[in-house]
Amino acid sequence: MKREAILQEKVGDKVRCLTCERRCLLKEGQRGWCGTRENYNGSIFTLTYGMVSSLSANPIEKKPLYHFYPGSVALTAGSFGCNFACPWCQNWEISKSPPDPLHARFFSPESFVQETIRRRCQGTSISFNEPTLSLEWSLDVFRLAREKGLYNTFVTNGYMTEEALRLLKEAGLDAMNVDVKGGKEAVEKFCMADVEKVWRNCRLAKALGIHLEITTLVIPSVNDDEGTLRSIASRICRELGPETPWHVTAYYPAYRFHAPPTPVKTLERARQIGLEEGLMFVYIGNIPGHPGENTWCPNCGSLLIGRFGLSLTSFRLKDGHCPKCGMEIPVIGKPPGE
């Protein structure tokens, strides 16, 4: 489970990790901010190669990826650690924990892809904790999965280096959901990160041809004010394109953050703001049964893809177009069996 990191550089008697934008400079025996990478004998090694803390076959809608092979299933793996400090983390048991081989299973890239096929999944997903920290394993998995005709996805905070993102694309990363957690001050305060690096990687992902969807967990007192939501929506529209899906999802208290759950009306207002700013597809998440889960034609208002929670209830696209008005809808793939 120890593997030499693919992105690093010598700086005097230290080594700099180039996996994520923290770019930790490590002396001998020191671990990075994420706790998963260590300077060992003058080189940085990942401590989590193939170390899987969580494994499940998830609907692609759980990522959420609503415009990418709807109704399909991705075998999803997580490991340990994170490079953000979010106090509301929903997966804090693994993201806030150091690598723990006693509470994990080891999967070689070959065995993981074999398991994906055995479970009749259509693709892979690296998620649960921050997948960037599993860079080397992800690259090996994605190459093998692509050879087998599987798709590959990431659910990420978007804080990898540009070099890492380019390597992921080359290896076979097809789609990613990036969590834009708020405005500059909130991300600095709560996540200890620079949100501009996230926006840069979103733009790069689009330029590289990676399918991209954006999520904002709407948290009272953190990012639920109209100014923040409008700023995020306008930047998605302006920098990533109005066709880019935006998921505004409900927060529930977790880990060390105890603000009350997001009111549904706040999510509905966020969705309205997104539409006012020119986005074509804005989705309400974590509220099963809400009409905001569905895909509606931006031109004529027809229901195109119905959802209830993580399940599809209808799929009405005809060759990628609205069956009523003929508008082209940017959705990749069809549900299995269609």
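The values are calculated or read from the model by the stated rules, or taken from the named source; none is laboratory data. The model shown is predicted, which means the values in this text are computed figures rather than measured ones. Note: ideal-geometry Cβ built from the backbone for every residue, glycine included; neighbour counts use all protein chains shown.
List of remarks:
- Yes/no for Glu38 being in contact with a Lys or Arg (Cβ under 9 Å, 6 or more places away or on another chain) and under 24 Å from Asn91 (Cα atoms): yes
- Matching residues, segment 183-218, being of a type outside the set (D, E, K, R) and free of Cβ contacts under 8 Å to residues at least 40 places away in the same chain: Val187, Val195, Ala207, Leu212, Ile214
- The residue list Leu267, Leu303 contains one member that is in the same structural domain as Leu217 (by TED's automatic domain parsing) and more than 26 Å from Gly209 (Cα to Cα), which is Leu267.
- When the strands (runs of 3 or more DSSP E) confined to segment 38-148 are screened for residues that are without any contact (Cβ under 8 Å) to a residue 40 or more places away in the chain, those reaching at least 1 such residues are found at 43-46, 54-59.
- When each of Pro70, Pro98, Pro109 is tested for being within 24 Å of Ser314 (Cα to Cα), out of contact with any His (no Cβ under 7 Å at 6 or more places or on another chain) and in the same structural domain as Ser127 (by TED's automatic domain parsing), the lone residue that passes is Pro70.
- In summary, strands (runs of 3 or more DSSP E) completely within segment 224-338 and bearing 3 or more residues that are surrounded by fewer than 20 Cβ atoms within 10 Å (Cβ to Cβ) and touching a Gly at 6+ places or on another chain (Cβ under 9 Å) occur at 311-315.
- Residue within segment 239-254 that is free of Cβ contacts under 8 Å to residues at least 24 places away in the same chain and farther than 30 Å from Arg120 by Cβ present: no
- Single residue of segment 79-95 satisfying the filter (of a type outside the set (A, V, I, L, M, F, W, C) and farther than 18 Å from Val187 by Cβ) that is surrounded by the most Cβ atoms within 10 Å (Cβ to Cβ): Ser79
- Any hit, segment 168-175, residues being modelled with pLDDT under 95, on the phi > 0 side of the Ramachandran plot and not in a strand (DSSP E or B): no
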